[in-house]
Amino acid sequence: MNILTIKDILFHLPYRYQDKTRITPIGDLRVGDKVMLEGEIIIAEEVRKSRRILVLRLQDMTGVISLRFFHYYPQQIVNLQVGRKLRCFGEIRAGYYGIEMVHPEYQILSNSDAPSLENHLTPIYPTTEGITQRTWLQLTQQVLTLCQQEDFLLDELTALIPEHLPSLLEALLFVHRPPPQIKLQDLIEGKHLAIKRLAFEEILAHRLSLKKLRQTIRQNQAPVLTLQEQLNSNFLHNLAFELTAAQKKVCQEILQDFQQAIPMLRLVQGDVGSGKTVVAAVAMLQAVANGYQAALMAPTDILAEQHYRNFVNWMQPLDIQVAWLAGKHKAKLRRSMLEDIALGNAQIVIGTHAIFQEAVQFRQLGLVVIDEQHRFGVEQRLSLRDKGFKEDQIPHQLVMSATPIPRTIAMSIYADLDVSVIDELPPGRKPIKTIALAESKRDEVINRVAKVCEQGRQVYWVCTLITESETLQCQTAEATQVYLQQALPNLRIGLVHGKIAPQTKEFIMQQFKQHELDILVATTVIEVGVDVPNATLMIIENAERLGLSQLHQLRGRVGRGAAASFCVLMYKSPLSQSVRERLNIMRETSDGFKIAKKDLELRGPGEVLGTKQTGVMTFKVADLSRDQDLVPTIMQIENQLLSNHPKIVERLKQRWMVYKEKYAEV
Ligand code: ADP
Ligand code: MG
């Protein structure tokens, strides 16, 4: 568990609590409560149904509750007799005969003296096989005692942080052993200053690590890329449109960075459809114009191919060679491509992360662009660093994200990056009209699909995750295609999902793009980036299962042309309050910033940014949405710490970043 020292135990924090500090009267219980109660057994019987069950009825002055045991020993029947008094702890459920507890923890009370109650909330620690909660209680107790005795815990921040926050020791004592009058809910929601105090340190440690990473990267040299006016204006002139003011501004910021021999580390945030690709192209063009290569890394093959086609259109007239390194290429083609890349004949290289994982040698790479950055995460950004670039010269880095997030959150997560925002959509986009419909209205939806296709438009039909299983998801998509084909025999319906071979998938996407298909049934593989302006209707099934940002990304596939577009969110009723709220937000706004903000509130950054799986974003205490207010103060003190107090920085990293080893290495 990465716990090596006594201090590691101190910072091994509970992830939830139980309240065994008080006895709740049975009459006050509500379903879902996890509580301690006491009462006298008034009925004890073994019920035989398909199996034997031990059922007790327990009574106090205020009411009666059932206790059920599906597994029990003969001795338990002897011990749990009518007239005995019990103290139980468990979750209240709605049973067939009123409220009940199933397999509660229990303790038989003697008639004379009742055991004392806990004098603090009971912490529950993350654990591993072979270590019980009791062991954690003992270990943490020892460490907490030790902390109080000596000058064991260095708390060098207290002088620097807001006065209303408690000391580190107070905060740790509170979190490990919350006093009994605390409401569990407040603790869970992080409303206590003790939690703020720890969150402050944790975010600070996170930012310090990233800033050190930034410093390390920026100690290297990067090529100075001067603006080649002629080539640049030729490129812009050939475009079918003029850049928006926001695109121009961001291009300027990038070109500014290129003037220095320091590696650029810049994030471009822009809503779906805001035109990030062409901004990347402008940047890559400068690298090429200065005699360097530029690489563009996309999250999926489908997207890499789309980028490739765009770049060929843009770059070929300028006599710039573009290579697309795909998994599907035959060995021979691949070899010759690798050679082209090594020789520098391929000036622009496009592919998935494979372009950095394998034995791809660039002649002189000047710029790396990472599209839809959140799918790569910090680790890949780091691995770029040691990708064997020559003579301590490393390329500039541009990362592009389509989940626009509020500034303070971006600051916390991407402390190593400068941030540019494309806060404007290209002109002429009509807002997408979004409606939510119950699944029972499927026939109406199909009629609508037919009408849209009659008008020469195209439709996405998205089958989303119903179960965790990808196989099942693909089967659902297949079944949907068959079903739609029966309902709409005259329309051409294609299907893409994760289990379809890459070549076939690309072929079908291409068919859809060229309007050789009317309807594309797809799983969420189309989520990012695919661009078909003639598609004006999107149906999303089981919309209630998706997060807001994901819905927004999907929806962004339509509304890319001049025609009015629609999105139908189909759901299974009945809807919970929170899902209703989510669907309403989708109907009310198409502003990616607003949607991301709401999504962050509802689900937390790890989920929204897709970094949860990598473990990079798992904060122990901090919640970046909840604790945004801390960021300005953190930013005030961090530079001082970085330049004057390397020891404190090191200690903070050791305290908080143990599980993020990649950072710690830097
Ligand atoms: P995203 O930011 O989601 O990656 P894209 O780069 O795919 O967006 O751009 C979406 C669409 O908008 C593309 O068809 C692109 O050619 C077009 N586009 C980009 N910039 C402009 C602009 N300034 N004016 C008109 N259309 C534009
Ligand atoms: Mg894109």
Proximal aspartates and glutamates relative to residue 328, as straight alpha-carbon distance under 15 Å, when same-chain residues fewer than 8 apart are discounted: 301, 305, 358, 506
Under 29 Å, Cα to Cα: Lys pairs in segment 155-266, sequence gap 8 or more or different chains: 8
5 angstrom amide H check on residue 95, placed H, neighbours 5+ away: 100
Estimated vicinal HN-Hα couplings, Hz - segment 8-24 in sequence order (Karplus 6.51, -1.76, 1.60; Gly, Pro = x): 4, 5, 4, 9, 8, 9, x, 9, 7, 9, 10, 9, 10, 8, 8, 9, 9
Cβ crowding within 10 Å averaged over residues, with 261-273, 211-223, 77-89 ranked highest first: 261-273, 211-223, 77-89
Dipole moment magnitude, nearest 20 debye, the chain about Cα centre, only Lys, Arg, Asp, Glu C-beta charged: 1080
Loop-located GluC sites (Glu not before Pro) in segment 275-367, at most 13 other Cβ atoms within 10 Å (DSSP): 358
Ranked list, fewest to most other Cβ atoms within 10 Å of each Cβ, for 210, 169: 169, 210
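How do 145, 135 line up, fewest other C-beta atoms within 10 Å first?
145, 135
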Crossing angle, helix 631-644 versus the chain [Cα axis fit, 0-90 degrees, rounded to tens]: 80
Beta bridge orientation in the chain: antiparallel %, DSSP, nearest 5: 35
Span from the segment 59-127 Cα centroid across to the segment 298-317 one, whole angstrom: 64
Local electrostatic count, residue 182, Cβ distance below 10 Å [Lys/Arg +1, Asp/Glu -1]: 0
Taking the chain and dividing mean pair separation by its residue count, relative contact order in percent (alpha carbons under 8 Å, at least six apart): 13
Candidate aspartates and glutamates for bridging to residue 647, where Cα separation is under 20 Å - those fewer than 8 sequence places away on the same chain excluded: 8, 151, 155, 156, 201, 202, 638, 661, 665
The chain, Rg to Rh (Cα coordinates; Rh as Kirkwood inverse mean 1/r): 1.04
Proximal lysines to residue 332, defined as alpha-carbon separation beneath 23 angstrom and excluding residues fewer than eight positions away on the same chain: 505
Phi-based couplings in Hz for segment 205-214 (Karplus 6.51, -1.76, 1.60; Gly and Pro marked x): 4, 4, 5, 4, 4, 5, 5, 5, 4, 4
Residue 267 long-range amide H proximity, modeled H, under 5 Å: 399, 418, 419, 420
Amide H contacts under 5 Å for residue 437, placed H, 5+ residues apart: 569, 570, 571
Across 441/499; 276/594; 499/572, pairs whose alpha-carbon gap is larger than 24 Å: 441/499; 499/572
Cα shape, segment 33-113, gyration tensor, a/c 1.5 rule: oblate
Helix-derived mean residue ellipticity, 222 nm - over the chain, DSSP H n ≥ 4, -39500 (n - 2.57), to 500: -12000 deg cm²/dmol
Sparse-neighbour loop sites [trypsin sites (Lys or Arg not before Pro); segment 133-207; at most 14 other C-beta within 10 Å; DSSP]: 183, 191
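No lab work stands behind these numbers, since they all come straight from the coordinates. Since the model is a prediction, treat every value here as computed from it, not as a measurement. Because the Cβ atoms are built from the backbone with ideal geometry, glycine has one as well, and the counts that use them run over all protein chains shown.
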